[in-house]
Structures are given as C-alpha cells and as structure tokens.
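Participant: Before I ask anything, here is the structure I am working with.
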Amino acid sequence: MWRRRRIFDEFEAIERELDQLIDEFFHGRPMWNPQLECLEPLAYMQETDERVIVTVDLPYVRKEDIKLDVTPNELTIEAKMQKHVVYDRWGTVQRQCRFKTFHKTLRLPVEVVPELVKAKFKEGYLTIELPKKARRFKVKVE
C-alpha cells in the first residue's frame, strides 16, 4: 500500500509541474519568485529609428545598487532594494513573503551596440538608451 501511494505522489508531482509549464506558456511566467525573494520590475520598451529606449520602474532602489548586463540581443537588469517589500498574507498556504531584489531580462527587438549604451536613473525610474547596430542613413538626393 505504501509503495502504491508513493507512485501516485510521483504522478501528482509530475502533473503539478506540467500544469505549471502549460500555465506559464499560455499566461506568461509569474512576475515574482518567492524562493529567490525576487520581483520582476515593470518595463516599457520603445523603438525609434536610431535606438531602443527601455524605461524600468525601480522603487526602493539606489543608483549604486543597479547592475546592467547588455549583449547585442538582450538586456538584463538586476537591482537590490533598500527597503524590502513584505506581504504578510501571500496566497492560501504561504503566510509571509519577502522580496529583496528586482530582476528582469528583456529580449531586444534589434541588435544593439553594447559599448554605446547609456543609462540614467532618476526618481525611481531607470531609462536605458541602446543604440541600434544597423543605423539608417538619410541620403540627400541632388
């Protein structure tokens, strides 16, 4: 009997994992990870002719605690919070949840030049300007 119960427990664990993967596929992954005490910040990306501009909301963060990692195709933002965000009632099982950091990875719509990226942090908002690798040039016709 005990062995049979253990097999069913394994099947239930696999079913829960598949349900989570399907849910993430159709609804996106969650914006938080309680085990890592990490939140995903809100971000807005816009594209102009010459650059990609990303604006990220980072409350409770100091400029010194922000880390940016840029590749030609991806931007990763990590930031440590000065003040931790604590939820006393989190879900039906977990009673308290604490978040200490922000983490977000963005796939960029075009290739950028990582060496020329500029970032500015003011009043809780981080603005990152990423120059495009292939720039358009306007040619004057004579």
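Read-outs: derived from the displayed coordinates by stated rules, not from any lab. Remember, predicted model here, so these are calculated numbers, not experimental data. Positions of Cβ are generated from backbone atoms using ideal geometry, with glycine treated the same way; all protein chains shown enter the neighbour counts.
Participant: For residue 133, go through the lysines and keep the ones whose alpha-carbon is under 25 Å away, minus same-chain ones fewer than eight residues off.
Facilitator: Candidates past the 8-residue exclusion: 67, 104, 118, 120.
Participant: Summing +1 for each Lys or Arg and -1 for each Asp or Glu, what net charge is found among the other residues whose Cβ lies under 12 Å from the Cβ of residue 119?
Facilitator: Local charge sum for residue 119: +3.
Participant: Treating the beta-carbon of each Lys and Arg as +1 and of each Asp and Glu as -1, no other charges, what is the dipole magnitude of segment 31-131 about its Cα centre, to the nearest 20 debye?
Facilitator: 640 debye
Participant: Could you give the nm distance between label points at residue 107 and residue 55, where each point is 7 Å from its Cα heading toward the beta carbon?
Facilitator: Taking the two extended label points, one gets 2.5 nm.
Participant: Quote the Stokes-Einstein diffusion coefficient, in whole µm² s⁻¹, for segment 31-131, based on the Kirkwood radius over alpha carbon pairs, a temperature of 10 °C and a viscosity of 1.306 mPa s.
Facilitator: So the translational diffusion coefficient is about 110 µm²/s.
Participant: Run the numbers for residue 118 and residue 134: contour at 0.36 nm per residue of separation, minus the present Cα-Cα distance, in nm.
Facilitator: 4.0 nm
Participant: Length gain on complete extension for the stretch residue 18 to residue 78, per 0.36 nm per residue less the alpha carbon to alpha carbon distance?
Facilitator: Once the chain is fully extended between residue 18 and residue 78, it gains 18.7 nm.
Participant: Given all pairs of different Cα atoms, what value in angstroms does the Kirkwood hydrodynamic radius of segment 42-92 take?
Facilitator: About 13.5 Å for segment 42-92.
Participant: When the chain is fully extended, how far beyond the present Cα-Cα distance does residue 62 get from residue 45, taking 0.36 nm per residue of separation?
Facilitator: Gain on extension, residue 62 to residue 45, equals 3.9 nm.
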